[in-house]
Amino acid sequence: ANRNSITDLDAPGTYINSTYLGGGYVLMSGTSMATPHVAGAFALFVQAYKLMNNATPEVSFVEERFKETGKNIYDSASGLNFSRIDVYAAVNSLLTPDILVESPLNKTYESGNIDFNITVDKNLTSAWFSVDGGENASMVNDTNYHYYNTSYPSLGEGEHNVSFYANSSWGVVNSSTVWFTVDLSPPEFLLISPENGSVVNQSRRPGFVFKAWDNFSEQMQCWVWVNGSNQIYLVGENDSVQNNTETLIISNISLEDGNYTWWVNCSDGVWSNTSENRSFSVNAS
């Protein structure tokens, strides 16, 4: 009936078979019909919360839970979205444990020895996890809501996933899956030019040429160093090197006559590696 940007909740309010003043029933529509649905939903939710937690929830908590679990309704007349109350989903959310994965996170690790840790929002009868769809591994509870496993076998290099499972004391199981990568190898490179002991006489431009690659990082950051003082960034806006494909040539560096040492340093975000040193001289005359 009436709705705008400050409307908090939606509830059934159209053609409701309602009791009527003077006796009997009549089909009615409007916010007067939706309001008792909201009041009844609050009563049911608060009763369930009290049974589970021996406490009374704040009104704001109930309202937010109704918004989170309700059915999203798009109102084409106003262009707004509303959350229509779903009492069953709201109460069921009290039974379902929320899982916060503390470790591993969605990132790359430099060791295969991973700790598996979660925190939940209610008491559990059990918690476990499965790595790469393998056998279940149990978790230990050190507080009411924290579960861990620090003895899982070391993982090999590559991409992995772990699915955590939490079984609440009400017998409702929830799960959460995280993808992560184990990278045990630093970047590698092949220095091509200038060769060790070579003399450069072409307009004092050595033309630093090398290749770089990494097992898992799609892009790396690499730097050319000359005499330990000139840090020369590589090609591209973000100084990124495409993995395993290109021969990299830096030809816009002009040096004075003299003796030099050059090397390359690359990082894949987890590991950093430095190449051998090579010596060369510049003699434009």
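The values are calculated or read from the model by the stated rules, or taken from the named source; none is laboratory data. Keep in mind the model is a prediction, meaning the values are calculated, not measured. Backbone-built Cβ (ideal geometry, glycine too); neighbour counts: all protein chains shown. Side chains are part of the model used for accessible areas, which takes the heavy atoms of the whole protein and leaves out ligands, DNA and RNA. Shrake-Rupley method; radii C 1.70, N 1.55, O 1.52, S 1.80 Å.
Numerical summary
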{"item": "Solvent-accessible surface ranking, highest first, for His37, His160 at 1.4 angstrom", "result": "His37, His160"}
{"item": "Partner aspartates and glutamates for Lys67 [C-alpha distance under 16 Å; skip if fewer than 8 residues away on the same chain]", "result": "Asp8, Asp10, Glu58, Asp75, Asp86"}
{"item": "Using distinct alpha-carbon pairs, which all enter the 1/r mean, Kirkwood radius of segment 26-114 in Å", "result": "16.1 Å"}
{"item": "In segment 4-74, the GluC sites (Glu not before Pro) that fall in loop regions by DSSP, at most 16 other Cβ within 10 Å", "result": "Glu58"}
{"item": "For segment 127-138, Karplus couplings with θ = phi - 60° (6.51, -1.76, 1.60), whole Hz, Gly/Pro x", "result": "9, 8, 8, 9, 9, 6, x, x, 5, 6, 10, 7"}
{"item": "For Glu102, distant residues with modelled amide H under 5 Å away", "result": "Asn117, Ile118, Thr119"}
{"item": "Shape metrics for the chain, restricted to C-alpha atoms - Rg then Dmax, Å", "result": "32.0, 114"}
{"item": "Debye log10 I(q)/I(0) for segment 108-193, one point scatterer per Cα, at q = 0.13, 0.22 Å⁻¹", "result": "-0.48, -1.05"}
{"item": "Neighbour-limited loop hits for GluC sites (Glu not before Pro), segment 139-207 (at most 12 other Cβ within 10 Å; DSSP other than H, G, I, E, B)", "result": "Glu195"}
{"item": "Beta bridges per DSSP with both ends in the chain, % antiparallel, nearest 5", "result": "90 percent"}
{"item": "Dipole magnitude (debye, nearest 20) for the chain, charges at Cβ of Lys, Arg, Asp, Glu", "result": "840 debye"}
